[in-house]
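Inspection log for the structure reproduced underneath, given as structure tokens.
The values are calculated or read from the model by the stated rules, or taken from the named source; none is laboratory data. This is a predicted model, so every value here is computed, not measured. Glycine gets a Cβ as well: all are built from the backbone with ideal geometry, and neighbour counts include every protein chain shown.
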Amino acid sequence: MSSAAATAPEFVLRWRDRLSASPAFRRWAGGFWPTRFMARRRAGELFDLAAGFVYSQVLKACVELDLFRILSEGPQALPALAARLNMTEAAAERLLEAAAALGLVQHRRGGYGLGPLGGPMVGNEAVAAMVRHHAMLYADLADPVRMMRGPAGGGQLAAFWGYAADGTRGALTAETAGPYSDLMAASQPLVAGEVLEAFDFGPHRVLMDVGGGLGAFLTAVGQRHTQLQLRLFDLPAVTEMARARLAAAGLGPRAEVFAGDFHNDSLPQGADIISLVRVIHDHDDDKAQAILNRARSALPKSGAVLICEPMAGTAGAEAMGAAYFNFYLHAMGSGCARTPEKLTSMLRQAGFARARLLPTATPLQTRVIHAVASG
């Protein structure tokens, strides 16, 4: 709900509802010059909601065809692009015009070149991996009403994120945990960059990344802060892969890897800061609270915790939490997007104080809460 709607009296909102639901009023508003712009904008926004799946598939086609890398070589004519994409010129033109309308490519002298949204896609494996991954989400959302009326999970996403269901964590192997671990590792550099700009690990001695996957976040922090001793805690199916990757990054001598299940096992003692990177929003309230409680038990007084994840209520990106992540996590089988206020309350309940939301460059992607263990 927008702030304007939230503060308007209810009788005003009901009057607005009656007008917007009236075909006669919509026809009048579309023809009356003072209201024409608003009416057309609302119609465009509603159409974009209806057409959003098609737009996302245009992006997916560009990713699958490696179009952005091809156009990074410079603008190219339609016949040459059609040949490289293995399409007829008519089909290639249809795709390129769709991509141009979405800002992914652009009409340039000599043909087609990168658009303002296509340029950032060049070499951006994190976003490309998520675009490909969304095929599972779309399959689960084929009947959204049925999905929301049924129990959470049970589809392709739940099978992919094997740790989401209680009964499957113990059966995970390196083979079954590998695909989701690789996806997380591909996107971690983006998150790590945001966190490293927002928070200074300099005063700390030992960082433990809980649910740290293959160690991509720990690697980024460890390479920036060479004084830190590094610890990673995750499921046994992941830890051997993590140990190998940390060693390959040259961090083996100061990195320890611990296997366990943070739903059932205590966390190792000895760290003075714990990071939870895209962990809390994967779990329902009771389990998320238990993770925070275990983090507090593992830390000394004045030890710190960082929660790093997208959060609900982010200004300008409200739909990200309320729509995208909440539907995604329902399909996955557990978790929800939470506001900073909700997370701060949970931290307080776990025994943390002085929680503060740190500014990040891209809040839609990552927000960071820092809190200190109280006595």
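General remarks:
- Taking the criterion of being over 16 Å from D209 (Cβ atoms) and hydrophobic (A, V, I, L, M, F, W, C), the only residue of the range 248-273 that qualifies is A248.
This table checks each residue for (1) of a type in the set (S, T, N, Q); (2) under 21 Å from R278 (Cα atoms); (3) surrounded by fewer than 17 Cβ atoms within 10 Å (Cβ to Cβ).
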{"residue": "M130", "(1), (2), (3)": "no, yes, yes"}
{"residue": "G150", "(1), (2), (3)": "no, no, yes"}
{"residue": "G153", "(1), (2), (3)": "no, yes, no"}
{"residue": "W161", "(1), (2), (3)": "no, yes, no"}
{"residue": "A164", "(1), (2), (3)": "no, yes, no"}
{"residue": "P179", "(1), (2), (3)": "no, yes, yes"}
{"residue": "Q188", "(1), (2), (3)": "yes, yes, no"}
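- Highlighted here are the helices (runs of 4 or more DSSP H) found entirely within the range 37-128 that include at least 3 residues which are without any contact (Cβ under 8 Å) to a residue 40 or more places away in the chain and acidic (D, E): 89-101.
- Figure legend. Inter-residue proximity from the range 189-210: first residues assigned by TED's automatic domain parsing to the domain that holds A361, second residues basic (K, R), beta-carbon distance below 8 Å, spacing 6+ or different chains. Indicated pairs: V191/R278; L196/R224; F201/R224; V206/R231; L207/R231; M208/R231; D209/R231.
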